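Peer 1: Okay, here's the structure, questions in a sec.
All of the numbers you see were taken from the coordinates with simple rules; none came from a lab. What you see is a predicted model, and the numbers here were worked out from it, not measured in a lab. Here the Cβ positions follow ideal geometry from the backbone for every residue, glycine too, while neighbour counts run over all protein chains shown.
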Amino acid sequence: MADTDAEWSIGDSIEYGDGAEPTESFNEIDGIKDISFNLGTRTLADTTTHQSTPPFRDNVATFLEGGTIQLAGNFLPMNASQQEIESKRADDLATSFRYNIFMADGHIRRCTGQARVTAFNPTSNAEDARRLSITLAPTGAWVWTQES
């Protein structure tokens, strides 16, 4: 991890991919201390017809909608990983990301997928450290894996 004053969230991290084929490399986004991970929600559409089996309604789940991944931490103006994320916001291209959850038993649970960087917002307060908030919008399917 980077040498910052961020209070780390039990070592969990988020990384961005370099897009290389066939084996993509991932780099950690430095200075991130809070990760709010939400891949979206589904609603149920009522598809009940006269052929439905009473007394139950027929419902179909819709596509996932409204997912956002919120990142917060310290803004490091000269940090290469943060500069790369800022450039990805300007490019507006889907990028590979990997969310790493480090388990107490030594396993790593990972969720990997594509997202667009929709916001990169550094703030500064005279009595506080420079803060950073990043918003990612997931696109497509994200896959959970576990490594030992």
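Peer 1: What's the longest uninterrupted piece of the chain once you rule out the chymotrypsin sites (Phe, Trp or Tyr not before Pro) that are loop residues per DSSP with at most 10 other Cβ within 10 Å?
Peer 2: Maximal segment without exposed cleavage sites: 64-148.
Peer 1: Separate question: By its C-alpha gyration tensor, with a ≥ b ≥ c as the square roots of the eigenvalues, how is the range 65-104 shaped: rounded for a/c under 1.5, else prolate for a/b larger than b/c, else oblate?
Peer 2: Note, shape of the range 65-104 comes out oblate.
Peer 1: For Thr68, what residues show an amide H to amide H distance below 5 Å, using hydrogens built from the backbone and excluding near sequence neighbours?
Peer 2: For Thr68, the qualifying residues are Asn38, Gly40.
Peer 1: Charges only on Cβ, +1 for Lys and Arg, -1 for Asp and Glu: so what's the dipole of the chain about the Cα centre, in debye to the nearest 20?
Peer 2: For the chain, the charge dipole is close to 520 debye.
Peer 1: Using amide H atoms built 1.01 Å from N in the peptide plane, name the residues 5+ places from Lys33, or on other chains, whose amide H lies under 5 Å from its own.
Peer 2: Under 5 Å from the amide H of Lys33 lie the amide H atoms of Ala72, Gly73, Asn74, each far enough along the sequence or on another chain.
Peer 1: Please compute the contact order of the chain in relative form: average sequence separation of alpha-carbon pairs under 8 Å and at least six residues apart, divided by the residue count, as a percent.
Peer 2: Here the relative contact order equals 23 percent.
Peer 1: Here's something else I'd like to know. Which angle from 0 to 90°, rounded to the nearest 10, does the C-alpha axis of helix 80-91 make with the longest principal axis of the chain?
Peer 2: Roughly 50 degrees, rounded to the nearest 10.
Peer 1: Taking the chain as a Gaussian network, where each spring joins two C-alpha atoms under 10 Å apart, which residue of Pro22, Pro138, Pro77 fluctuates the most?
Peer 2: With Cα springs under 10 Å in the chain, the top fluctuation among Pro22, Pro138, Pro77 is at Pro22.
Peer 1: Scan the chain and hand back the longest stretch that contains none of the GluC sites (Glu not before Pro) lying in DSSP loops with at most 15 other Cβ atoms within 10 Å.
Peer 2: 25-126
Peer 1: Further question on the same structure: Return the tail of the calculated pair distribution for the chain, meaning the percent of Cα-Cα pairs more than 23 Å apart.
Peer 2: Above the 23 Å cut-off, the chain has 44 percent of its Cα pairs.
Peer 1: Also, I was wondering about something else. Apply the Karplus curve 6.51 cos²θ - 1.76 cosθ + 1.60, θ = phi - 60°, to the phi angles in the range 23-31 and return the couplings in whole Hz, x for Gly and Pro.
Peer 2: 10, 7, 9, 10, 10, 6, 7, 6, x
Peer 1: Still on this structure, I have one more. Can you find, among Phe63, Gln83, Thr53, the residue sitting farthest towards the positive end of the charge dipole of the range 51-92, where Lys and Arg contribute +1 and Asp and Glu -1 at Cβ?
Peer 2: Thr53
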